[in-house]
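Heads up, the thing below is written out as structure tokens.
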Amino acid sequence: MTIQQVLLLLLLWMWLPLPCHTEMLFRRTPDLRPKSFGGRASGNDGKAIHRQKRGWMWNQFFLLEEYTGSDYQYVGKLHSDQDKGDGSLKYILSGDGAGTLFIIDEKTGDIHATRRIDREEKAFYTLRAQAINRRTLRPVEPESEFVIKIHDINDNEPTFPEEIYTASVPEMSVVGTSVVQVTATDADDPSYGNSARIIYSILQGQPYFSVEPETGIIRTALPNMNRENREQYQVVIQAKDMGGQMGGLSGTTTVNITLTDVNDNPPRFPQSTIHLRIPESSPVGTAIGSVKATDADTGKNAEVEYRIIDGDGTDMFDIVTQKDTQEGIITVRKPLDYETRRLYTLKVEAENTHVDPRFYYLGPFKDTTIVKISVEDVDEPPIFSRSSYLFEVHEDIELGTIIGTVMARDPDSASSPIRFSLDRHTDLDRIFNIHSGNGSIYTSKPLDREISQWHNLSVIAAEINNPKDTTRVPVYVRILDVNDNAPQFAVFYDTFVCENARAGQLIQTISAVDKDDPLGGQKFFFSLAAVNPNFTVQDNEDNTARILTRRNGFSRHEISTYLLPVVISDNDYPIQSSTGTLTIRVCACDSRGNMQSCNAEALLLPAGLSTGALVAILLCIIILL
């Protein structure tokens, strides 16, 4: 058979209405070649296949996938020129799917597929064919390998990996801003026709968004899309194979697109004027109320800062920004007084803290409002004219003397009368009293500075119409000194004079004390009540004096004790004086003036000898005699 004849047979085979798309039949050609001739054919992998002394040759069969007929699908025919048609040859098939997916008629060599084949599961099958003598079971043809290639049909639609995508894009984005890319896959053979060539289109979401047909990139299609008008969009994207042509299969996915916020809206106060009220008794730091500017943006784009920029109450009130609520809290800065001022006006500004320069043209990103604050009258307690009082009084005043007056008033417009009283816990001895009507404080007991120099009183003022509304004020009473105490000896003096004392000898130094406290300090004078022949007083002019002897020698036997009256006077007015008596004992002393004995009985015994010593001396004298 010539090459032209083979080509003619192939053309006729292509036009025959066979049940499969591909059928290849190879018959033995006249063996005109030498026995050692080896045939060459192109294999499935493109490599040369050497056949030696064969009666059949083939490369591959072709079979369309997804056959839907009721009979087995015809694949092709194996035939050897050794086959005489008498049934003496047997065709054997082995390899991928042999005996299960592919079966061969042992006598005719016809190959059939037993079930529908899916190219996406397996694209080709490699099998081996052999013809043997049915009687001897010896091969009449060498075993040969061939391939059944499955031709693709467009039986798979494009699919997306996700049924629903979520994406976001900033509001006010320019046209063409990329949002997200979706990609579909097609299981069909991309190398065969257009079965796997995908084109993207938008089914839902126009005119807001568009999609690039080749890449699946979704982009914005309208300018200035405003989140505050609409935040959520649902876009449906279709992926269609066959290059988007009619008859192509398609798949869809949904993309939920959210417009994210940018700061394109300034804050706005809902009211141009806000009215607040506050009792005048509210302490400093009290929150009066709040103001709030609304901002259509969200998150940090809606954050505002509040400040007082004008008004007649800028020094009386403060405003603090509450971060969690985005409110401006107005607080009291200084004490309020209804009787002084009843109405304040503030100008409050709210301004965005994060402004996007791209949207300056939409500004200014701030707003103002007027806040009017009314101060409400409160029944306030009485107010004293001073925060404390100090009164000074001499200790010698008469009973009932007024030492001072406290004053209080009702700050309310009603000006209720005031009643005064003393807190007796601060005057347990009831030394003072107060006039309930005019607040005059007077003495009810004598004062004595030497007992108590200060008296700390607490005066209570209460409204007659509202006795429970009271105020207290401290009153400090200082008792001034009067020279009403005479000076006295500072200590008790134990004074003695030696029997061998000489005239002018110092026997004692005395000092004095006085309970009074004159402004110029203490000054004492010392003198004798009468002239004394034995002793005299010499004033040292430093509040001390010396007692001196006026004669030589004293005798315990004659007089053992002297009494010396000393007059002590101060220099304040009126002068106060007292007489203190010194008791002076006469004592025996050694040559250095140290006292040895002041008893009169010691005169009977020699100085320094006891009775036992005298008896011992007498015994010694008797022995010597």
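Being modelled with pLDDT under 55 and in a helix (DSSP H, G or I) holds for only one residue in Ala602, Ala613, and it is Ala602. Annotation: Asn532 fulfils all but one of (1) farther than 20 Å from Cys587 by Cα; (2) open to solvent by less than 60 Å² (accessible area, probe 1.4 Å); the unmet one is (1).
Taken over region 333-360, the residue count meeting the criterion of being under 30 Å from Pro382 (Cα atoms), surrounded by 19 or more Cβ atoms within 10 Å (Cβ to Cβ) and either of a type in the set (D, E, K, R) or modelled with pLDDT of 95 or more (or both) is 1. For region 343-360, a residue qualifies if it is of a type in the set (A, V, I, L, M) and part of a loop (DSSP other than H, G, I, E, B), and exactly one does: Val355.
Among what's in region 361-404 and is acidic (Asp, Glu) and in a strand (DSSP E or B), pick the residue that is least open to solvent (accessible area, probe 1.4 Å). Reasoning before the result, please.
Our first condition is that a residue be acidic (Asp, Glu); within region 361-404, this holds for 367, 376-377, 379-380, 392, 395-396, 398.
From what is left, the residues that are in a strand (DSSP E or B) are 367, 376, 392.
On the way: Asp367: 38, Glu376: 71, Glu392: 99 Å².
Result: Asp367.
Could you run through region 164-191 and say how many residues are touching a residue at least 40 places away in the same chain (Cβ under 8 Å) and touching a strand residue (DSSP E or B) at 6+ places or on another chain (Cβ under 7 Å)? Lay out the reasoning, then the answer.
We begin by selecting, within region 164-191, every residue touching a residue at least 40 places away in the same chain (Cβ under 8 Å); these are 164-180, 182, 184, 186-189.
Filter again for touching a strand residue (DSSP E or B) at 6+ places or on another chain (Cβ under 7 Å), leaving 164-171, 173, 175-180, 182, 184.
Selection size over region 164-191: 17.
Does any residue of region 67-87 turn out to be assigned to a loop (DSSP other than H, G, I, E, B) and hydrophobic (A, V, I, L, M, F, W, C)? No, every residue in region 67-87 fails to be assigned to a loop (DSSP other than H, G, I, E, B) and hydrophobic (A, V, I, L, M, F, W, C). Scan region 114-171 for residues that are assigned to a loop (DSSP other than H, G, I, E, B) and small (Gly, Ala, Ser) and the total you get is 1. With respect to the stated conditions, Thr325 is in a loop (DSSP other than H, G, I, E, B) and either surrounded by 16 or more Cβ atoms within 10 Å (Cβ to Cβ) or in the same structural domain as Ala287 (by the TED database) (or both).
Flag not set for Asn483, criterion: open to solvent by 30 Å² or more (accessible area, probe 1.4 Å), assigned to a loop (DSSP other than H, G, I, E, B) and not hydrophobic (A, V, I, L, M, F, W, C). Just one residue in the set Arg227, Arg197 is crowded, with 18+ Cβ neighbours inside 10 Å, touching a helix residue (DSSP H, G or I) at 6+ places or on another chain (Cβ under 7 Å) and not assigned by the TED database to the domain that holds Met316; that residue is Arg197.
The values are calculated or read from the model by the stated rules, or taken from the named source; none is laboratory data. Computed from a predicted structure; not experimentally measured. For neighbour counting, all protein chains shown are included, and Cβ atoms are generated from backbone atoms with ideal geometry for every residue, glycine included. Ligands, DNA and RNA are excluded from the accessible area calculation, which covers all protein heavy atoms including side chains. Shrake-Rupley method; radii C 1.70, N 1.55, O 1.52, S 1.80 Å.
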